[in-house]
1. Give the residue that is surrounded by the most Cβ atoms within 10 Å (Cβ to Cβ), with candidates limited to residues of segment 260-281 that are touching a Ser or Thr at 6+ places or on another chain (Cβ under 7 Å) and in contact (Cβ under 8 Å) with a residue 40 or more places away in the chain.
2. So the check is Cβ under 8 Å with 6+ separation or different chains; which pairs have a first residue in segment 235-248 that's in contact (Cβ under 8 Å) with a residue 24 or more places away in the chain and a second one that's aromatic (Phe, Trp, Tyr)?
3. Look at segment 234-254 and say how many of its residues are surrounded by 19 or more Cβ atoms within 10 Å (Cβ to Cβ) and touching a Phe, Trp or Tyr at 6+ places or on another chain (Cβ under 8 Å).
4. Would you point out the residue of segment 292-304, among those that are in contact with a Leu (Cβ under 8 Å, 6 or more places away or on another chain) and crowded, with 24+ Cβ neighbours inside 10 Å, that is farthest from Val322 (Cα to Cα)?
5. Just to be sure, is Ala153 modelled with pLDDT of 95 or more and within 24 Å of Ala234 (Cα to Cα)?
6. Pairs needed: first member in segment 76-96, assigned by TED's automatic domain parsing to the domain that holds Gly149 and under 20 Å from Asp126 (Cα atoms); second member anywhere, in a strand (DSSP E or B) and basic (Lys, Arg); C-beta distance under 6 Å; at least 6 residues apart or different chains.
7. Within segment 263-322, restricting attention to residues that are assigned by TED's automatic domain parsing to the domain that holds Trp362 and of a type in the set (D, E, K, R), which residue is farthest from Glu337 (Cα to Cα)?
8. For segment 79-88, give me the residue count where each residue is surrounded by fewer than 22 Cβ atoms within 10 Å (Cβ to Cβ) and either aromatic (Phe, Trp, Tyr) or farther than 14 Å from Leu40 by Cα (or both).
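The values are calculated or read from the model by the stated rules, or taken from the named source; none is laboratory data. Not measured: the values here are computed from a predicted model. Every residue, glycine as well, gets a Cβ built from its backbone with ideal geometry; the counts of neighbours run over all protein chains shown.
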Amino acid sequence: MMETEPVAPLLNRRGFLRYALALLSGPAWAQTGDQAGPRLLAPVSCKGKHYLAVSDDPTAAPRLIPTPMRGHALLLDARHPDEVLMIARRPGTLAVRVSLQAGSVIQTWDAGEDRHFFGHACLSADGRYIFVAENNIETGQGVISVRDGRSFAVLQEYPSHGIGPHELLLLPDGHTLAVANGGVSTLPETGRVKLNRGRFDSNLAYVDSRNGRLIDRQPVMMPQLSLRHLALAADGTVAAALQYEGDRQQAGVPLVAIHRPGKSMMLAHAPQAAWDAMHHYAASIAYDAHDRLFVISCPLGNQLAYWSVNGDFVGMMEIPKVSGIAFTKKGGYASNEHGALLALDLSQPAAQAVQQQVGWMWDNHLYPGTADPGA
């Protein structure tokens, strides 16, 4: 890892008291009195095979459900708590529905002719529709497909208003989609090779899910930065995790953007040493509703870093090859590419490993179950 000056977390009085109590009483997951703990789900890979990992107890080995492809994002719907929809990572063409009770894939779909997925989708407010980020292979333009929530049949398509749409979220108004157009052009036959490196046009687009109308489009303010993943705060603030595709010697490259309704998107603040320690790459982002923090994982830099909803840097901790992040009512968790699952308390200087699965690689995203979403 690049040598940097240490960057200390900034603790307020409340955070300091939580930190002191944690030292006396152990990690947050141990304080609940519930040995089962929250259910966590994630795509994982092991020995060249791919699975959905399902955990009811974060201290015990999850059960594995085989999947035909490497998944990226999961869709969970409280109306169908036994089911999980998994989308293949970019530029895959498969999506599957998994039954947790049966422990198997019960439906499989292909993206369709001249289409591939970017790994992400989201549900409509009533669960009737699935909005999927896709690529029109023929034109290279991003597409949002509107699919039936049960059959996955394509009902409509809208432009994503950019290239390489990655994560998309439904905002609290129930109809506006926030879409991270990463600007990355890919094809299934060339895999994850970025075909337009050096000509990125990344933006955060707001699209009316009812008709595809572009409501707003916020460009990235720095060339070679690519928006990938999104998180939503309770007040409607959207944060984006970014990846830098430019000169690897460039110092102080920001990896978080913040957009508040009615304002221009801004790049978050952090000391140069902190940005440099993240090595130009953020893999995932999540919102901690308890502490009102946006949190990113940076596996290349072995760092977990966090900001206030205003974009002010709060702190970071070192976690080797950290990947997924999830916050539940019983605490926060992070996973890594070496098979570890860790309990998080962001007022503490380090995470605590609660399990280690040899040979596993947790994917970039970790999800709380529908029975125990983030507080």
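1. Ala277
2. Correct list of pairs: Ala239/Tyr287; Ala239/Phe294; Ala239/Trp307; Gln243/Tyr281; Tyr244/Tyr281; Glu245/Phe200.
3. Residues flagged as surrounded by 19 or more Cβ atoms within 10 Å (Cβ to Cβ) and touching a Phe, Trp or Tyr at 6+ places or on another chain (Cβ under 8 Å) within segment 234-254 amount to 6.
4. Across segment 292-304, the extreme among qualifying residues is Val295.
5. So Ala153 fails the test.
6. Sorted first by the residue in segment 76-96, then by its partner, the pairs are Glu83/Arg97; Leu85/Arg97.
7. Checked segment 263-322; the qualifying residue farthest from Glu337 (Cα to Cα) is Asp312.
8. 2
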